[in-house]
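S.K.: Sharing a structure here in C-alpha cells format.
Quick note: the coordinates plus some simple rules give every number you see, no bench work behind them. Owing to the predicted nature of the structure, the values given are computational and were not obtained by experimental measurement. Note that we place each Cβ from the backbone using ideal geometry, even for glycine, and neighbour counts take in every protein chain shown.
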Amino acid sequence: MTLNILFFSITIKRRKISLEEADHQEMVKKLYEENKDRQMSMRYFM
C-alpha cells in the first residue's frame, strides 16, 4: 500500500504602503468617482 501526502504552507503577510502610494491611491479613487458621476449625469441628459 502506498500513501502519498502533499502538504502546502501558505503565508500571508500584510504589505505596508508608503505615504506617497496612499496619496496616489486616494487621488485615483477620487478621479474615478468624479468620472463615474460625470458619466451618470450625461446618461440622464440623453
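S.K.: May I ask for the net charge around residue 23, where only other residues with Cβ less than 12 Å from the Cβ of residue 23 are counted and Lys, Arg are +1 while Asp, Glu are -1?
M.R.: Working: positive: 29, 30; negative: 20, 21, 26.
Taking every other residue near residue 23 into account, the sum is -1.
S.K.: Filter the trypsin sites (Lys or Arg not before Pro) in the chain to those in DSSP coil with at most 16 other Cβ atoms within 10 Å of their Cβ, and list the result. Show your work: numbers first, answer last.
M.R.: Details: sites: 13, 14, 15, 16, 29, 30, 36, 38, 43; in loops: 13, 14, 15, 16.
Those that pass, being in a loop and sparsely packed, are 13, 14, 15, 16.
S.K.: Let me ask something else about it. Please report, in debye to the nearest 20, how large the charge dipole of the chain is about its Cα centre when each Lys and Arg carries +1 at its beta carbon and each Asp and Glu carries -1 there. Intermediate values should be presented prior to the final figure.
M.R.: On the way: 9 positive and 7 negative charges, 41 e Å.
Value, rounded to 20: 200 debye.
S.K.: So if I take the alpha carbon set of the chain, get Rg, then get Rh from the Kirkwood formula, what is the Rg over Rh ratio? Numbers along the way, then the final one.
M.R.: Details: Rg = 23.2 Å, Rh = 15.4 Å.
Reported Rg/Rh, Kirkwood definition of Rh: 1.51.
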